[in-house]
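Quick notes on the structure that follows.
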Amino acid sequence: MADQDYLESTAQEAQEIADTLKQLDTLLASEKLAVLSADDVNNLRRDVRKMLISMSADVESLASLERETVIKTDPSFVSLRHQLIKSVETAKVDFEFNIVPVLQKLTSQAVQQVKENPPETVDESTLPPPPPDEKWTVDKVIDTAEGFVDQASKGEGVITKAYTLVKALGMIVGIPIP
């Protein structure tokens with residue numbers, strides 16, 4: 001039963017990471033990130049895409065292996081299962097130590113760049129609904145994005161940190177992240 005619990009929690013965590021990576025890839029593909037170094041953005045996007053492909057394939061292969069074989073009665077699959085689990089776990093560690101720190105750096109840079117050279121107006125149609133009885137202003141967008149960056153630096157859980165940073169970056173570039 002512990003194996004099944006591991007697979008379910010791993011699949012859920014991997015799906016959350018994959019969702020965050022997909023949202024990040026959408027932002028990194030945007031021309032609105034011109035405030036950042038193209039090399040930094042391209043390098044992060046390359047790493048995000050490789051990780052997304054690898055993690056998705058490994059999780060699906062592991063799930064398929066669990067569904068279609070009776071591992072406990074066929075020891076020939078034990079090695080493959082171990083390799084897939086190791087690959088998924090490696091991707092999770094890479095996400096935490098290679099993707100999230102770069103994302104934090106780039107998001108902080110984007111917020112700082114917009115703060116130094118704010119746009120004249122904001123396109124409210126690209127932003128989430130504002131708090132009741134308020135309107136989005138350039139300063140409010142910047143403050144909200146800064147708040148997300150601060151929240152991410154204090155947050156617990158790598159997925160939560162990454163998602164919060166993606167939301168901040170989305171605020172800055174005007175691409176809403178749900």
- Message: Among the numbered criteria (1) within 26 Å of Met51 (Cβ to Cβ); (2) of a type in the set (A, V, I, L, M); (3) without any contact (Cβ under 8 Å) to a residue 40 or more places away in the chain, which one does Ile177 miss?
- Response: (3)
- Could you give me the residue pairs with C-beta distances under 7 Å whose first residue belongs to segment 151-173 and is under 12 Å from Gln104 (Cα atoms) and without any contact (Cβ under 8 Å) to a residue 40 or more places away in the chain, whose second residue is of a type in the set (Gly, Ala, Ser) and part of a helix (DSSP H, G or I) wherever it lies, and which are 6+ apart or on separate chains? Thr164/Ala152
- Item | Of all residues in segment 120-138 being open to solvent by 40 Å² or more (accessible area, probe 1.4 Å) and among the hydroxyl-bearing types (Ser, Thr, Tyr), the one that is modelled with the lowest pLDDT | Ser125
- Message: Let me confirm something: among Val102, Val158, Val114, which residue is open to solvent by 50 Å² or more (accessible area, probe 1.4 Å) and among the aliphatic types (A, V, I, L, M)?
- Response: Val102
- Restricted to segment 44-79 and to residues being under 20 Å from Thr20 (Cβ atoms) and among the β-branched types (Val, Ile, Thr), the residue modelled with the lowest pLDDT is Val59
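The values are calculated or read from the model by the stated rules, or taken from the named source; none is laboratory data. A quick note: this is a predicted structure, and the numbers were derived from the prediction, not measured. FYI the Cβ positions are ideal-geometry reconstructions off the backbone, even for glycines, and counts take in every protein chain you see. Protein only, heavy atoms only, side chains kept; ligands, DNA and RNA dropped before computing areas. Shrake-Rupley method; radii C 1.70, N 1.55, O 1.52, S 1.80 Å.
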